[in-house]
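Below: one structure, written as structure tokens.
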Amino acid sequence: MAEFSRSSGILLHPTSFPGPYGIGTFNKAAYEFVDFLSRAGQKLWQVLPMGPTSYGDSPYQSFSSFAGNPYLVALETLVEEGLLDAAALDAHPAFAAPGVDYCQMYEWKLPLLLKAAGDFEQRANPAQKADFHQFCSQHGPDWLDDFALFMALKNVQQGKAWNEWPVELRDRHPEALARARHQQAELVHGHRFIQWLFERGWQHLRGYANGKGIKVIGDIPIFVAMDSADTWVAPHAFHLDKSKRPSVQAGVPPDYFSPDGQLWGNPLYRWKEMKQDGFLWWLARIQAAFRLYDIVRVDHFRGFAAYYEVSGKAKNARKGRWVKAPGLELFRRVKKVLGDLPIIAEDLGLITPDVLKLVEATGFPGMKVLQFAFGSDASDKFLPHNYTSHCVAYTGTHDNDTSQGWYETADESHKDYFRRYFNTDGLRAAHTLIRGVFASVASMVVVPLQDVLEVGTEARMNFPGRRHDNWLWRYDEGAIKPEHEQFLLDLARTYGRA
């Protein structure tokens, strides 16, 4: 199994960086954040999935498992490289403050990037042109050509889901696709160009981080979005009916927090078909992830042991069934073909014996979330004294409240146990939790930047089950101060993580 050295780091999605153009990007603030991590003795930076987001803006509902998010491209870099006029940025619209303005990203930034694509041939220098053409040659046959055509057709079809397109496009008739590539050549080129910009921007930033001894942890959602290039290109790999609509869909059953369960809407895999070709789709997807990241967290890992299946026509997740998945076969195949990869299993939620067996058999480290630890007793698996070294410890994740928000809203019994456990008055709960995971035997520790900054619920990234007002948080320029850097550096040195 891949070895994980004792280390620590920060969870922060790039959309949360400060900057003048409505969203965090691979801009100056991103490099300053990496410098902060380095000076603070941190070796890890964890991000959320970085694919192009669809309706709802969730990183876990993307138009592609292989493409990058256009909104993360730094416009300032295009100006510096001569691919865009500075005047285009001066004419930016008023952005919603203080969070991410996804509406303006779609209405202003995306057209601006496409315009830059149209001007590329006349503005680019020979080195830029050569790099772009090499990128297209390298990735075109695998995913780029299909993705660019998919996005161009979505534009032509007024944003409709692909299974609502004319039948010849929906079902990918070769003559119709060839005609569409010709007719929409400009848009297809535009989306190839945007992916090149994303790739260059991210790999330069990631290389900068790696050069300072910082590894990037990425994230693979277990499922893909129904309206994605993934399902359009490979409908045979998913449970779809003759009209290309999901016959069954993903979700989770009812629990204390959600009496109707959660209906995610993602199509489910035809695992038997995937096994027949040696899981080629999954091998390609995991390879693509490791092209972008140094370590990969696999989301909803329990779904590789068994997943919750709901009818495609269901309006809620009350009625469903658990279906076994060939997770062990898949990950054995991954190891045989791709080697012993540094993968983290997101083993949270309803964990049954089959999930525990799968995690143990793969050898992947699981996750411990300290916020979950104080509703039981001393045997709770999320309490630091019960950790093993082979795990990744978090104060909270993107799906949790911030640690400050958690403490302010927790049951009094949970607060009492927390205070007794750490012998604290609770006045700086977030930093107490951070110290708790740093001091633990967990080989890796990751804490959200919000907890370092000690901000409350207003800075929460996601409310699971809520369909709006998620993924918006950005920190203000200057919010990270020298005392935050010193706090993390002292912890890293004290507990052997620097």
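Odds and ends about this structure:
- For the range 126-223, taking the reciprocal of the average inverse distance between every pair of different Cα atoms yields a Kirkwood hydrodynamic radius of 15.5 Å.
- The range 70-144: Rg to Rh, with Rh as the Kirkwood radius over Cα pairs: 1.02
- Projecting label points 7 angstrom from Cα along Cα→Cβ for Glu80 and Arg245 puts them 5.0 nm apart.
- If R0 equals 51 Å, the separation of the Cβ atoms of Lys336 and Glu477 corresponds to a calculated FRET efficiency of about 0.60.
- Per-pair calculated FRET efficiency, R0 = 56 Å: Ala91 and Asp490 via Cβ, rounded to 0.05: 0.75
- Value at 222 nm in deg cm²/dmol, rounded to 500, when DSSP H runs of n ≥ 4 in the chain each add -39,500 (n - 2.57): -11500 deg cm²/dmol
- Antiparallel bridge percentage (DSSP; both residues within the chain; nearest 5): 35
- Candidate values (i) 59, 25, 19; (ii) 40, 29, 19; (iii) 36, 29, 21, label of the one derived for semi-axes √(5λ) of the Cα gyration tensor in Å: (iii)
- Sorting the segments 365-377, 280-292 by their residues' average number of neighbouring beta-carbon atoms within 10 angstrom, most packed first, yields 365-377, 280-292.
- Backbone N within the range 235-259 under 17 Å of label point (7 Å from Leu350 Cα along the Cβ vector): 249-259
- Cα gyration tensor, the range 1-137 - rounded (a/c under 1.5), prolate or oblate: prolate
- Estimated vicinal HN-Hα couplings, Hz - the range 368-379 in sequence order (Karplus 6.51, -1.76, 1.60; Gly, Pro = x): 10, 10, 5, 4, 7, 8, 10, x, 10, 9, 5, 8
- Distance cut-off 13 Å, percentage of C-alpha pairs in the range 177-231 lying past it: 75
- Pair Asp119, Lys319: separation of 7 Å Cα→Cβ label points (nm): 5.8
- Three-way shape label, the range 371-457, alpha-carbon gyration tensor, a/c 1.5: oblate
- Measuring r between the beta carbons of Glu175 and Leu427 and using R0 = 60 Å, the FRET efficiency lands at 0.30.
- With a simple spin-label model that places each label point 7 Å from the Cα along the Cα-to-Cβ direction, the separation between Arg466 and Gln203 comes to 3.8 nm.
- With a threshold of 32 Å on the Cα-Cα distance, the over-threshold entries among Lys115/Lys160; Lys212/Lys415; Lys28/Lys129; Lys313/Lys368; Lys335/Lys415; Lys154/Lys335 are Lys212/Lys415; Lys313/Lys368; Lys335/Lys415; Lys154/Lys335.
- Classified by the C-alpha gyration tensor, the range 409-498 has an oblate form. Its axis ratio a/c, with a ≥ b ≥ c, is 1.5 or above, and a/b does not exceed b/c.
- Averaging the Cα positions of each part gives two centres, and for the range 285-347 and the range 89-146 these lie 31 Å apart.
Read-outs throughout are calculated quantities, based only on the coordinates presented, and are distinct from any laboratory measurement. These numbers were taken from a predicted model, which means no experiment stands behind them. Every residue, glycine as well, gets a Cβ built from its backbone with ideal geometry; the counts of neighbours run over all protein chains shown.
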